[in-house]
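What follows is a set of notes on a single structure, which appears directly below.
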Amino acid sequence: MTEQLFSPYQFKSLQLNNRVVMAPMCQYSVTAKDGIPNDWHQVHYVSRAVGGTGLIVIEMTDVDPDGRITDNDLGIWSDEHVPAFTKLVDGIHAYGSKVAIQIAHAGRKAEDAPQPVAPSVVTFPGEKYKEPRALSTEEVEAMVQKFADGVRRAVQAGVDTIELHGAHGYLIHQFHSPLMNHREDVYGQDLSRFGVEVIRAVKKEMPADMPLILRISAVEYADGGYDIDHTINIARAYQDAGVDMFHISSGGEGPSGQRKPGNYPGYQVPFARRFREELNVPVIAVGMLEDAALAQAVIGNGDADLVAVGRGMLRDPYWANHAALELGVSKDQAAIAEQYSRGY
C-alpha cells in the first residue's frame with residue numbers, strides 16, 4: 001500500500017505521475033479585473049508543480065464577465081485570454097505536472113455583477129448578494145455556447161483535461177437543484193438538461209481522448225436540499241452525456257440547516273465511494289485530506305482514484321513531496337527537484 005498514492009495513474013489521455021490533485025481554489029488576484037492570469041497565478045501554480053503535484057486544477061475560470069464571483073476572478077470569455085493561460089500551462093508542464101482548468105459561471109452567486117443571472121429569481125442568502133434575474137430560454141441556450149467557447153480556448157491553451165464546476169451553488173448546480181430551479185420551461189421540467197447540454201457542447205470542443213471531469217455537490221445542507229440519491233440520478237444523466245470522472249464535494253447552495261457538513265478529515269469520502277461504486281466511474285475525493293496517511297488510505301481502500309488537497313497545499317506548495325517522503329517513498333520517486341535535493 002505504501003506507494004499507491006504515489007503510483008502513476010492513467011485515464012484516457014491523462015497520464016499522471018501520482019494520484020495527488022491540487023484542488024481548485026479561487027485566488028481573487030486578478031488585480032486588472034480583466035480575467036487574465038498574472039504573475040501571482042504563475043508563481044502560485046508553478047510552485048505546486050515543482051512541489052510534485054500530479055494534477056493541478058486551475059481555479060474557477062468564468063465564461064462571462066458577469067459570471068465571476070468577483071471581478072478579481074479568472075475568466076476565459078475572450079480569445080485574448082488564451083496567451084496568458086498558455087504561458088501558465090507551459091510553466092506547469094515544465095515541472096512534470098498535468099493541468100486541468102475549472103470552467104464555470106457563478107450564476108446567482110456573482111457578487112460584482114450589476115444583476116446576476118440564474119435559473120430562477122431565488123436570491124442567495126446574505127447581504128452581499130443581489131436578487132438575480134431569471135435567464136430566458138434563449139439565454140440559457142446561449143449560455144451553453146459560452147461554456148463551449150471557454151473550453152475551446154482552454155484546449156487551445158494546452159490543458160490536459162477540463163473540469164466543469166457543477167458544485168457549490170454555481171450555475172450548473174443551480175439548474176439541477178430543486179431549491180434553486182423553479183422554471184416551467186424545458187430547463188425546469190428536466191433538472192439535468194442544462195448540464196447535459198453543456199457537457200455535450202464542451203465535448204465537441206475537446207480531443208476525443210481527453211477526459212471531462214465534473215465537480216458536483218453530493219448533498220445539499222440547506223433545509224429542503226437534495227440528498228445523494230438525487231445527485232446520483234443527475235450524475236447518471238451527466239455520465240451518459242459525456243462526463244468521464246466526477247470530483248465529489250458537497251454543499252455551497254446556502255447556509256446549512258438541520259443537516260450539517262461533517263467538517264472532519266475525510267467527511268466527504270463516503271460520497272466519493274458511493275459515486276465510484278454506483279456509476280463505475282473514476283472519482284476524485286476532496287475535503288480535509290491533507291494528512292498523508294489518510295490520503296493514502298483513501299486510495300488504498302478503493303474509495304477514490306485521486307485525492308484532492310486544498311488548504312493543505314495553500315500552506316505547503318511542496319505538500320506532495322513531503323507526503324511522499326512521510327509515506328516512505330524514495331527521493332527519486334517523490335520527484336524532489338534537483339535544486340532542492342540537498343535539503344532532504
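The values are calculated or read from the model by the stated rules, or taken from the named source; none is laboratory data. Fair warning: this is a prediction, and the values are worked out from it, not measured in the lab. Here the Cβ is made from the backbone with ideal geometry for all residues, glycine too, and neighbour counts use every protein chain on show. Surface areas here come from the heavy atoms of the whole protein model, side chains and all, with no ligands, DNA or RNA. Shrake-Rupley method; radii C 1.70, N 1.55, O 1.52, S 1.80 Å.
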Return the lysines within reach of Lys130: Cα separation strictly under 21 angstrom, same-chain partners fewer than 8 residues apart disregarded; answer none if there are no such residues. Lys33, Lys109
Mind giving me the nanometre distance, one decimal, between the label points for Gln333 and Ala142, set 7 Å out from Cα along Cα→Cβ? 5.5
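Which value, in debye to the nearest 20, gives the size of the charge dipole of the chain about its Cα centre, when Lys and Arg are +1 and Asp and Glu are -1 at the Cβ? Could the numbers behind the result be given before it?
On the way: 31 positive and 45 negative charges, 109 e Å.
About 520 debye.
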If you find the alpha carbon centre of the stretch 107-173 and of the stretch 231-251, how far apart are they in angstrom? 18
Length gained when the stretch Gln115-Arg311 is fully extended (0.36 nm per residue, less Cα-Cα span): 67.4 nm
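How much accessible area per residue does the chain have, in Å², with a 1.4 Å probe?
Values: 13490 Å² over 344 residues.
For the chain, the per-residue accessible area is 39 Å².
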At a 10 angstrom cut-off on C-beta neighbours, averaged per residue, how do the peptides 180-193, 272-285, 240-253 rank from highest to lowest? 240-253, 272-285, 180-193
GluC sites (Glu not before Pro) within the stretch 88-149: DSSP coil, no more than 11 neighbouring Cβ in 10 Å: Glu127
Calculated [θ] (222 nm, deg cm²/dmol) that DSSP helices of n ≥ 4 give over the chain, each run adding -39,500 (n - 2.57): -9500 deg cm²/dmol
Arrange the residues Val155, Val82 by how much accessible surface each exposes, largest first, with a 1.4 angstrom probe. Val155, Val82
Residue order for Asp71, Asp62 - accessible surface, 1.4 angstrom probe, largest first: Asp71, Asp62
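What is the extension gain from Lys204 to Leu279, computed as 0.36 nm multiplied by their sequence separation minus the C-alpha to C-alpha distance, in nm to one decimal? Intermediate values should be presented prior to the final figure.
Numbers: separation 75, 0.36 × 75 = 27.00 nm, distance 2.29 nm.
Separation in residues times 0.36 nm, less the Cα-Cα distance, equals 24.7 nm.
Run the dipole for the stretch 71-198 about the Cα centre, Lys and Arg Cβ at +1, Asp and Glu Cβ at -1, nothing else charged, and hand back the magnitude in debye, nearest 20.
240
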Toward the positive end of the charge dipole of the stretch 221-332, about the Cα centre and with charges on Cβ (Lys, Arg +1; Asp, Glu -1), which of Met313, Phe246, Val281 goes farthest? Met313
Taking the mean number of other Cβ atoms within 10 Å as a proxy for protection, how do you rank 201-212, 298-309 from highest to lowest? 298-309, 201-212
Apportionment of accessible area to carbon and sulfur, the chain, percent (1.4 Å): 47
